[in-house]
Amino acid sequence: MRTTTEFFLHLEERIAPYDLLKHPFYRAWTAGELTAEDLRDYASEYWHHVSAFPTYLSAMHSRLEDAELRRTVLRNLVDEEGIDAPDGKSHSELWMDFAKGMGAEEGAVRNRQVQPETRNLIGTLHRLMQQDVAAVGLAALYAYESRVPEIARQKAAGLCDNYGADAATCRYFTLHQTADVHHAEVWKQAIHEELTRDPSAADRALDAAQATAQALWSALDGVERLRMQRRAN
C-alpha cells in the first residue's frame, strides 16, 4: 500500500510527459510567434472547455455522499461561476473577455464547431467526474488545476510583452496565477482524505490524472493543427 506522499510522486511522474508549457503551441506563444488569428482561434476553441468546467464540478457534486466534500466542491463551483466575485463575472466570462480582446465575436465563439480533441477533453472530464470513486474525479481536477498557475503566469506575460493585450484581456490569466494555487491545494487535501479512507482507489485516481493530462495535451494538438494548416495555405 503506497502512502499519499508516494501517490503524489507517482501522479507527477504520470503527468510529466504532458507538460503543456512544452507543447509546440505554448512554446510559440511564449516566443511571441503566434498571430492574432492564432490567438483568436485558440481563445474561441478553448472557451468551450472553460465554459464546461462548472458542469464538471456539478456532475461530481451531485454524486457525492460525503457532505463536507460536497461543500468543498460547491465552494469551487461558486468561485468558477463568479457568484462571490465583486463584478459577478464567471471565469468563462473572463475567458470570453480574452477572446474578444483577440478580436473574436461572442456569437462566433459560442457557436463554434469545436475540434474533436476539444470534444474529447470535455467528454473525458465529464466521464471522470461521474465515477463511483471520488478520488478519481479529484485526481482529474488536481492534474488540471495544479498546472494552471504557472501556465497562466507565462500566458499573461506573453500577452502583455508580445501581443499588446490590455488588462481586461489578460484578467483570466492574472486571476488564475493565484486562484488555482488554492484550488489545487484543496483537491490535494481531499485526495489525501479519500485515499486514507480507501487506499484501493489509488490506481484508478492515477489513471484519471494521466487521462486528464493526455486530453489537455491533445486539445492543444487540435489548435496547433489548425495553426499549421493556416501557415500552409
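The values are calculated or read from the model by the stated rules, or taken from the named source; none is laboratory data. Keep in mind that this is a model prediction, so the values were computed, not measured. Note that each Cβ is placed from the backbone with ideal geometry, even for glycine, and that neighbours are counted across all protein chains shown.
Checking the structure you have, find out if any residue of the range 137-154 is without any contact (Cβ under 8 Å) to a residue 60 or more places away in the chain, of a type outside the set (A, V, I, L, M) and farther than 30 Å from GLU106 by Cβ. Looking through the range 137-154, at least one residue is without any contact (Cβ under 8 Å) to a residue 60 or more places away in the chain, of a type outside the set (A, V, I, L, M) and farther than 30 Å from GLU106 by Cβ.
All conditions in (1) part of a loop (DSSP other than H, G, I, E, B); (2) surrounded by 19 or more Cβ atoms within 10 Å (Cβ to Cβ) hold for VAL114, with the sole exception of (2). Within the range 66-97, the residues that satisfy the criterion of being in contact (Cβ under 8 Å) with a residue 40 or more places away in the chain and in contact with a Lys or Arg (Cβ under 8 Å, 6 or more places away or on another chain) are LEU94, ASP97. Report yes if SER58 is farther than 26 Å from ASP203 by Cα and hydroxyl-bearing (Ser, Thr, Tyr), otherwise no. So SER58 does not fit the description; no.
Yes/no per residue for (1) at positive phi; (2) assigned to a helix (DSSP H, G or I); (3) modelled with pLDDT under 95; (4) buried (at least 19 other Cβ atoms within 10 Å of the Cβ):
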| position | (1), (2), (3), (4) |
| --- | --- |
| GLY82 | yes, no, yes, no |
| ASP87 | no, no, yes, no |
| TRP95 | no, yes, no, yes |
| VAL109 | no, yes, no, yes |
| LEU125 | no, yes, no, yes |
| ASP132 | no, no, yes, no |
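Looking only at the range 64-84, count how many residues are among the small types (Gly, Ala, Ser) and out of contact with any Leu (no Cβ under 9 Å at 6 or more places or on another chain).
Matching residues across the range 64-84 total 1.
Has the range 137-150 got any residue that is buried (at least 16 other Cβ atoms within 10 Å of the Cβ), assigned to a helix (DSSP H, G or I), charged (D, E, K, R) and in contact with a His (Cβ under 9 Å, 6 or more places away or on another chain)? The answer is yes, given that some residue of the range 137-150 is buried (at least 16 other Cβ atoms within 10 Å of the Cβ), assigned to a helix (DSSP H, G or I), charged (D, E, K, R) and in contact with a His (Cβ under 9 Å, 6 or more places away or on another chain). Within the range 46-65, one or more residues are over 18 Å from the mean Cα position of the chain (by Cα) and without any contact (Cβ under 8 Å) to a residue 12 or more places away in the chain.
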